[in-house]
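So the structure is just underneath, and the comments pick up after that.
The values are calculated or read from the model by the stated rules, or taken from the named source; none is laboratory data. This structure is a prediction, so every number in the text was calculated from the model and none was measured. FYI the Cβ positions are ideal-geometry reconstructions off the backbone, even for glycines, and counts take in every protein chain you see. Ligands, DNA and RNA are excluded from the accessible area calculation, which covers all protein heavy atoms including side chains. Shrake-Rupley method; radii C 1.70, N 1.55, O 1.52, S 1.80 Å.
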Amino acid sequence: MSAVTRAPRKGTGRRALGLLLELALPAALLIGYGLWSHRAQSFYFPPLGEILEYFGELWLFDRVGSDLVPSLLRMLAGYAVSVVLGVALGLLLGMSRLLRTAAEPVVEFLRALPAPALIPFALLMFGAGDGSKVFVIVLGALWPILLNTIDGVRGVDTQQLDMARSYRIPLAARIAHIILPGASPRIFAGMRTSLAIAIILMVVSEMVASSNGLGYFVLEQQRSFAIPEMWTGIILLGVLGYVLNWLFLRVERRVLAWHRGARGLSAETATPAPSTPSSTEKTDA
Amino acid sequence: MLEVANLRKVYGPDPHAAPAVADLTFTVADREFVCILGSSGCGKTTMLRCLSGLIPSTSGHISLRGKPVTGPPDDMAFVFQDYSRSLLPWMTVRRNVAFPLRYKGVDRREAEALTDEALDAVGLAGRGDRYPWQLSGGMQQRVAIARALAYRPSILLMDEPFASVDAQTRSGLEDLLLGVWERYGITVLFVTHDIDEAVYLADRVLVLRPPANVGHEVTVNLPRGRDQVETKAHPEFGRLRGELFAALDGGPVAA
Amino acid sequence: MLEVANLRKVYGPDPHAAPAVADLTFTVADREFVCILGSSGCGKTTMLRCLSGLIPSTSGHISLRGKPVTGPPDDMAFVFQDYSRSLLPWMTVRRNVAFPLRYKGVDRREAEALTDEALDAVGLAGRGDRYPWQLSGGMQQRVAIARALAYRPSILLMDEPFASVDAQTRSGLEDLLLGVWERYGITVLFVTHDIDEAVYLADRVLVLRPPANVGHEVTVNLPRGRDQVETKAHPEFGRLRGELFAALDGGPVAA
Amino acid sequence: MSLEGVQTVGSARRRTARTADGLPEGRVRRALGSRRIRDLGLKVTGVLTVLVALELCARLGVLSRDWFPPMTDTYVELAKLAFGHPLWTEIGRTLSGWALGIGLAALLAIPIGVLLGSNRTAYRLSRVVIEFCRPVPSVALIPLAVLVYGVGLEMKVFLIVFVTFWPILLQVIYGVQDVDPLVYDTARSYGLPPRARFFRITLPSAAPYIATGLRIASAIALVLAVTAELVVGAPGLGQSIVVAQSNANLPRMYALIIVTGLVGWALNTAFQAIERRLLRWHPSQRAEVAS
Amino acid sequence: DYGGDLSGAGVSGGGEGDTLVVSETAGTPASFLAYGIREGYFEEQGLNVELSPSAGGASVIPALLSGDIDVAGSNAVSALIAMGRRMPIEMIAAGTSTSESPDDDFSSLMVPEDSPIESAADLDGGRIAVNTLQNINDIVIHAVLAEAGLDNDDVSFVEMPFPDMPAAIERGDVDAGLLIEPFATVGASQGLRAIARPYTTAMPSLQIGTYLMTSDRVAEDPETAAAFRAGVTATAEAIAADPEAFREALPEISDLAPELASRMDLPVWRGTTDRASIERIHATMREIGLTESDLDYEEAVAE
Ligand SMILES: Nc1ncnc2c1ncn2[C@@H]1O[C@H](COP(=O)(O)OP(=O)(O)OP(=O)(O)O)[C@@H](O)[C@H]1O
Ligand SMILES: Nc1ncnc2c1ncn2[C@@H]1O[C@H](COP(=O)(O)OP(=O)(O)OP(=O)(O)O)[C@@H](O)[C@H]1O
Ligand SMILES: [Mg+2]
Ligand SMILES: [Mg+2]
């Protein structure tokens, strides 16, 4: 582990620089938009100042309890179910050719069903409460995790599996210690994609049969042509996505530390960067 | 103990393709140390994989202690030729070695002891907390060997296990292996490209010829308690070496 | 031609950690054949990677033909120790050998010819259309060698390139390499664990001791036009072998 | 042990082995021929299981008759639809949006993904924007898309690109970061120029990830095409669903939803066929090719 | 069997000149236009109308502004909200209206058969399903609640598509739902009970639907707007004169099941915009806070 974590000493200066770097593009875009929207006076693209004003009014912290929190809870519940279900099913289908073949048409069929068309079904099965919303979220967020898990499981190095078999590692341990870690880079890729999809579907699900939540809010504003207010909702979703993704990456960094090391991504040995064989590494020396 | 009869293995779906192993028949006695020599690509690895039950044979019969082999038997350890890919990159060296022990029913304390002992024996005592990808090639190979030794198998299959270590270390590992073999009475099948090594280690040397059937078989009558200097100076050693060299080079030599 | 001065390489972000290579200084002349011996983990691979510009050194200076090395130089070929991972699984053997040629500006026709010639030379003439993972370990290693030879480098770095082939093939490859070296006048840095091989091939043998600084240097004065039987029977061969054995074993021996 | 003996026994065996080949060979070939059929059988079984489960649910009253049309009605409607050309026109309309959208998204996301996956600076520069845009719900953007692009094909394509770009991008980034460094070193040591490294090394290495990404995106794109049609009424399957729904023609609505699912399945099957060809070399496909 | 487009797009009547793309809410409103096109009332005006069904309400207004469609079939509330936000649109013709008498109103506020809710007064604190939020539903339900001394803030609205409402009401996911034809008929057949006829309660002959064009277009090309209005009026008159002919045509011009078409209550069409309705709706909107601006009727409606 120790070789993988960064040296603390040079950390602060570099971190500040990194932060600056990360904020450069968003800042430029915001300024650009601000200037453009001020001049354009477009109805659907209101000036930045106006949006921010409404944002403060609405979300600090008027509607946090009434809309944001219920939305978040639904989303987290849906995401959690998706992860558990996706990884479990993915393992099953990835390891068994028989099950995979049998389930393929059904899975692909379900995957292609549009969420809005499924909402009626969800309403019938789970009622208009949170159940149906979680269901819709799961039905969208499940697939990236499931597909990545299946493909990840199937792509585990055969040499490692042979090793495990030759030492007669029992199935459960083989799953826990070889198949899951081996597939974990892909599972994480799926989970990260799903995180955003879960947020999107949270909104979609709240657009029907709902009386609170971010989706409801956005829809209500849209219906009443309250465009700046609607934008605050979209911005809030972006912020939400960013924060959740940041948390996600922290976890991933932990879990996939070995992978970053083995793949030379922890700024050590050869970085696969086309342009930076020396530049990034010289700084380490 | 191990009986192989008419073993044949063809890769891929077409049974008419060139076989990797064809018509291989031999037996290995309990506690025997058998070395296998053969040119590159003659089917040694394939044979070991079939014997270990990792891949099914196309036809023929393999039995271990009288029971046909259908999957990896208990108490077997395998050191793969492609050692670097057989180590798990997400586990430290120590955990790589200890990993199979847990599922053999060894308790944690003992597993620790076995792991430390094995790592120590292969000269990696201080590297337990590294990851495999932080080690040199030879070290990785020794981790794979340590894993097999710590497992205390009763049958040990080794596929060119010392290919990436220096001569010095190699001699040490040879003697280590002989020590373990004698102490625990295990059966060893050992693939190597080094004729000296084969003669030095083995009770019997099989020479495979493509597609792997036993082209030549040499019983090594050198006294046990072998020694790197003494044994290799023994006149019989030179004779066996010459015989194997000839067998590898040309066709079978009338013994 | 190649000058290495005070080379030091520490893995990881902490420059105070134990170095893999420390304070290494040597030079290699143009068209020289230099073999490198050293115990497992002493830093041979690390050294080659630094020389090739694949990884930056922590400190010290490397220059090739007078120019400092910052990235892989042109006309260099590298045969990696972990050959199986250096082959691209999505390309057939033939394409694995041929693909670097395209980017060297060799036209398609000539690339074909070079590829066929190289595959033929390493004894894989009929296997061009297979994928690497359908080959035995030794064959994979030979594909990596063929790729390097077909590339017609002017400097060739080889990291235990013959570790997985049988003695027979190994001798053949040694002679092949010597032939190529003589014909095309290339500079070779060759890491091996086999002392005989080192003496047989080299103009000069460097013995590295952990952390890799040159502990001993032996100039091989055996006549060129070497021959597996004659050269190895030469009395000087035996003497050099002994000297290197001692150097690997103990401390530096006054030459 | 007499070696001559071994030799003769060996050659005799070789002869018998050759004659005995006929048997296992026939079996293998039959097994091969039947694998396709067996797979088909498995798939049909899978589908039938679900259909029977649905029918059971309907019969046992889990799904009320009042709210669900009898499945048989839906099937009849489906059969009727399948023989009329309007259905195929609608599918064509939806698919043209799908194809353009996913094509454009892939064209954008793959190079950008490779860049971001291999260049830390580029990644850090764009990270905030990416993570901010990713969770922006497409449905909320529909009015804006309609305003800028109208209700036609462009709007659909814009929405599809906006949404599917992210999953593909992420998969590519993860794929690029999973390239074996030794493979990369090989390329560098042989002096491959960056372009060649991209096409020869990075792209094939990341291909399994990209393939998964495309399959994920393919379904999302279809869902989005239909959703856009549903919400704004651009012509296509989605609009047909709205029309059927507004007219309380539930069998047709469900039949159309089933058609959507079937289209998704067909697209995935096509993707998988391509994947099997292109990724022959990958462990995930090897097992199916060899032994 | 299925001669036309499944999505109903591209139904157009002859007539020379440019095609006028009209987007109208799928279902009965779209059928109205389809009938007019089929009977040639728009062709008579020299218009070549192409019909594109939509989900209706507010969502068509962006499409109108983008120029992709020429005329948007929406409802008065969405239109007034948009105008209140200074969007450059105008009403050029009237869409659906409610009938004169509550008995053949095409809308119903429905509750489960065994519901304790007997009248609007019992709705206090309840959840009411509506097909779109911030819309005509708010206005008409306000009227119903106002009669019982309640206000819109005393209930909460839940948006869901009409087809899902009967089930949701039955299950108790919502306490009541505002259904229109043909779903009110469907609901009744599933045992739902109507407690009010909100549309007629709000105002008999209340105009709900409206056709919109951008103000620029109306200013540039008043003839087209007038021609379209004339076509709508002609169609409306034809249906008023012979509703049964329209009813019979329904299964053909829409996907409506013939059995439903014969049973359902039809809305009423009028053609020209009804000033009283618009003013009434606007007043209620002010009251419940859907808009803050004043109504400038001459600006809002082109006649
Ligand atoms: N990626 C890495 N990260 C950290 N340490 C490393 C890494 N690679 C090698 N080392 C360490 O550097 C030292 C030298 O390794 P190197 O691979 O150069 O040895 P070598 O001489 O090639 O050995 P061998 O003959 O076994 O291949 C070893 O102690 C090894 O553990
Ligand atoms: N997965 C595979 N698919 C197809 N052919 C294979 C596969 N693995 C090995 N072969 C072929 O089988 C033959 C025997 O290979 P094997 O690996 O058993 O050789 P080996 O004796 O171990 O050689 P080496 O000493 O080089 O490791 C070779 O011709 C090889 O090409
Ligand atoms: Mg082998
Ligand atoms: Mg090395």
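Quick notes on this structure:
- Only helices (runs of 4 or more DSSP H) whose full extent lies in region A:36-131 are considered here, and the ones with at least 2 residues that are under 30 Å from residue D:222 (Cβ atoms) are A:69-95, A:97-111, A:115-126.
- Some residue of region C:91-100 being touching a residue at least 24 places away in the same chain (Cβ under 8 Å), more than 16 Å from ligand 1 (Cβ to nearest atom) and among the polar types (S, T, N, Q): yes
- Boolean, residue E:212 is open to solvent by less than 30 Å² (accessible area, probe 1.4 Å), part of a loop (DSSP other than H, G, I, E, B), in contact (Cβ under 8 Å) with a residue 24 or more places away in the chain and more than 30 Å from residue E:120 (Cα to Cα): no
To keep it simple, each residue is scored yes or no on (1) open to solvent by 10 Å² or more (accessible area, probe 1.4 Å); (2) of a type outside the set (D, E, K, R).
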position: E:85; (1), (2): yes, no
position: E:91; (1), (2): no, yes
position: E:101; (1), (2): yes, yes
position: E:116; (1), (2): yes, yes
position: E:150; (1), (2): yes, yes
position: E:153; (1), (2): yes, no
position: E:165; (1), (2): no, yes
position: E:175; (1), (2): yes, no
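- Filtered residues of region A:69-99 (kept if aliphatic (A, V, I, L, M), surrounded by 21 or more Cβ atoms within 10 Å (Cβ to Cβ) and closer than 29 Å to residue A:221 by Cβ): A:75
- Meets criteria (more than 16 Å from ligand 4 (Cβ to nearest atom) and assigned to a helix (DSSP H, G or I)) for residue C:149: yes
- Scanning region C:211-225 for residues that are in a loop (DSSP other than H, G, I, E, B) and either within 16 Å of ligand 4 (Cβ to nearest atom) or open to solvent by less than 20 Å² (accessible area, probe 1.4 Å) (or both) returns C:211, C:212, C:220, C:222.
- Selection within region E:54-89 - within 11 Å of chain D (Cβ to nearest Cβ) and in a loop (DSSP other than H, G, I, E, B): E:55, E:56, E:67, E:68, E:69, E:87
- Residue ID - surrounded by the fewest Cβ atoms within 10 Å (Cβ to Cβ), chosen from residues in region C:29-84 that are within 16 Å of ligand 2 (Cβ to nearest atom) and part of a loop (DSSP other than H, G, I, E, B): C:82
- The residue of region C:179-207 that is nearest to the other protein chains (Cβ to nearest Cβ), among those that are open to solvent by less than 10 Å² (accessible area, probe 1.4 Å), assigned to a helix (DSSP H, G or I) and away from ligand 1 (no atom under 16 Å from the Cβ), is C:199.
- For region A:162-187, the set of residues classified as of a type outside the set (A, V, I, L, M) and within 7 Å of chain B (Cβ to nearest Cβ) consists of A:162, A:165, A:166, A:167, A:168, A:170, A:177, A:181, listed by residue number.
- For region A:22-50, a residue qualifies if it is under 26 Å from the mean Cα position of the chain (by Cα) and buried (at least 16 other Cβ atoms within 10 Å of the Cβ), and the qualifying residues are A:22, A:25, A:26.
- In region A:207-219, of all residues being touching a helix residue (DSSP H, G or I) at 6+ places or on another chain (Cβ under 9 Å) and at pLDDT below 80, the one that is surrounded by the fewest Cβ atoms within 10 Å (Cβ to Cβ) corresponds to A:212.
- Sole exception among (1) hydrophobic (A, V, I, L, M, F, W, C); (2) modelled with pLDDT under 90; (3) farther than 30 Å from residue B:114 by Cβ for residue B:163, by number: (3)
- Matching residues, region D:138-193, being within 14 Å of chain E (Cβ to nearest Cβ), open to solvent by 10 Å² or more (accessible area, probe 1.4 Å) and assigned to a loop (DSSP other than H, G, I, E, B): D:151, D:152
- If only residues of region C:137-168 that are surrounded by 23 or more Cβ atoms within 10 Å (Cβ to Cβ) and polar (S, T, N, Q) are counted, the one that is nearest to ligand 3 (Cβ to nearest atom) is C:164.
- Residue-level check: of (1) in a loop (DSSP other than H, G, I, E, B); (2) farther than 20 Å from residue C:41 by Cβ; (3) not hydroxyl-bearing (Ser, Thr, Tyr), residue B:113 misses just (1).
- Restricting B:141, B:81, B:134 to those that are under 16 Å from the mean Cα position of the chain (by Cα), within 11 Å of ligand 1 (Cβ to nearest atom), within 10 Å of chain C (Cβ to nearest Cβ) and under 25 Å from residue A:262 (Cβ atoms) reduces the list to B:141.
- Within region B:113-131, if we keep just the residues that are more than 25 Å from residue A:262 (Cα to Cα) and buried (at least 19 other Cβ atoms within 10 Å of the Cβ), the residue that is nearest to ligand 2 (Cβ to nearest atom) turns out to be B:121.
- Checking residue B:110 against (1) surrounded by fewer than 24 Cβ atoms within 10 Å (Cβ to Cβ); (2) within 16 Å of ligand 4 (Cβ to nearest atom), the condition it does not meet: (2)
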